[in-house]
1. Could you check how many residues of segment 46-104 are charged (D, E, K, R), in contact with an Asp or Glu (Cβ under 7 Å, 6 or more places away or on another chain) and farther than 18 Å from Leu30 by Cα?
2. Given the criterion in contact (Cβ under 8 Å) with a residue 12 or more places away in the chain and either among the acidic types (Asp, Glu) or in contact with a Ser or Thr (Cβ under 8 Å, 6 or more places away or on another chain) (or both), identify the matching residue among Glu59, Glu34.
3. Output the strands (runs of 3 or more DSSP E) that fall wholly within segment 44-151 and possess 2 or more residues being open to solvent by 70 Å² or more (accessible area, probe 1.4 Å) and at pLDDT 95 or above, or say none.
4. In segment 114-151, which residue that is of a type in the set (Asp, Glu) and touching a residue at least 12 places away in the same chain (Cβ under 8 Å) is farthest from Val4 (Cα to Cα)?
5. Could you tell me how many of the residues in segment 71-95 are within 24 Å of Glu134 (Cβ to Cβ) and out of contact with any helix residue (DSSP H, G or I) (no Cβ under 8 Å at 6 or more places or on another chain)?
6. Taking the residues in segment 14-42 that are closer than 15 Å to Arg96 by Cβ and outside any loop (DSSP other than H, G, I, E, B) as candidates, determine which candidate is most open to solvent (accessible area, probe 1.4 Å).
7. Could you grab the pairs with beta carbons closer than 7 Å, sequence gap of 6+ or different chains, first residue in segment 1-23 and free of Cβ contacts under 8 Å to residues at least 60 places away in the same chain, second one open to solvent by less than 30 Å² (accessible area, probe 1.4 Å)?
Amino acid sequence: MKIVLQRVTRASVMVDNHIVGSIGHGLLLLVGIENADGDDDIEWLCQKIVKIRLFNDSEGVMNLPILSLADTGILVVSQFTLMASTRKGNRPSYIRAARPEIAVTIYERFVQRLNQLFGRPVQTGQFGADMQVELVNDGPVTIIIDSKDRL
């Protein structure tokens, strides 16, 4: 699994001109899933996300995890294009991206586990839909986390 994590002051996702998920201050997660992903990837990423220290402490240093802040949220948006390969030619290949029938199950388990660890409802987009994502990146802070890099 590959995640683009962005610290935001606000973020929302729309489908058919209706907001399906939104947060104020918190984390926007763009999630790419490949066929080889499983429960160990989900667990490692969810633990990393709730514990990564990206929020400022009283001295303005990024030293606090999202778990330590009560007024934050998490918005998760599926994005198969994160798995694109651009090695050959000018048309990206998505052969590494999991097929929807596999990816949706992994995505749902990811969101469920993140909900458990975060202790608050996690907002989501709509899997497989044409979504418009709006965000204000805070910092800017943007980090790419790949579960395959942990090994």
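1. First, pick out the residues of segment 46-104 that are charged (D, E, K, R): 48, 51, 53, 57, 59, 71, 87-88, 91, 96, 99, 101.
Going one step further and asking which of them are in contact with an Asp or Glu (Cβ under 7 Å, 6 or more places away or on another chain), we end up with 96.
Remaining after also requiring farther than 18 Å from Leu30 by Cα: none.
Qualifying residue count for the region: 0.
2. Numbers: Glu59 fails: in contact (Cβ under 8 Å) with a residue 12 or more places away in the chain.
One residue alone meets the criteria, Glu34.
3. Details: elements: 53-56, 62-65, 73-78, 132-146.
In segment 44-151, the matching strands (runs of 3 or more DSSP E) lie at 53-56, 132-146.
4. Asp130
5. First, pick out the residues of segment 71-95 that are within 24 Å of Glu134 (Cβ to Cβ): 71-84, 92.
After this cut, where a residue has to be out of contact with any helix residue (DSSP H, G or I) (no Cβ under 8 Å at 6 or more places or on another chain) as well, the list is 71, 73, 75, 77, 79, 81-84.
Total meeting the criteria: 9.
6. Glu34
7. Within 7 Å, the pairs are Ile19/Ser12.
The values are calculated or read from the model by the stated rules, or taken from the named source; none is laboratory data. Treat the numbers as computed from the prediction; the structure is a model and nothing was measured. Cβ coordinates were reconstructed from backbone atoms using ideal geometry, including for glycine residues, and neighbour counts include every protein chain displayed. Note: accessible area is taken over every heavy atom of the protein model, side chains too, but ligands, DNA and RNA are not part of it. Shrake-Rupley method; radii C 1.70, N 1.55, O 1.52, S 1.80 Å.
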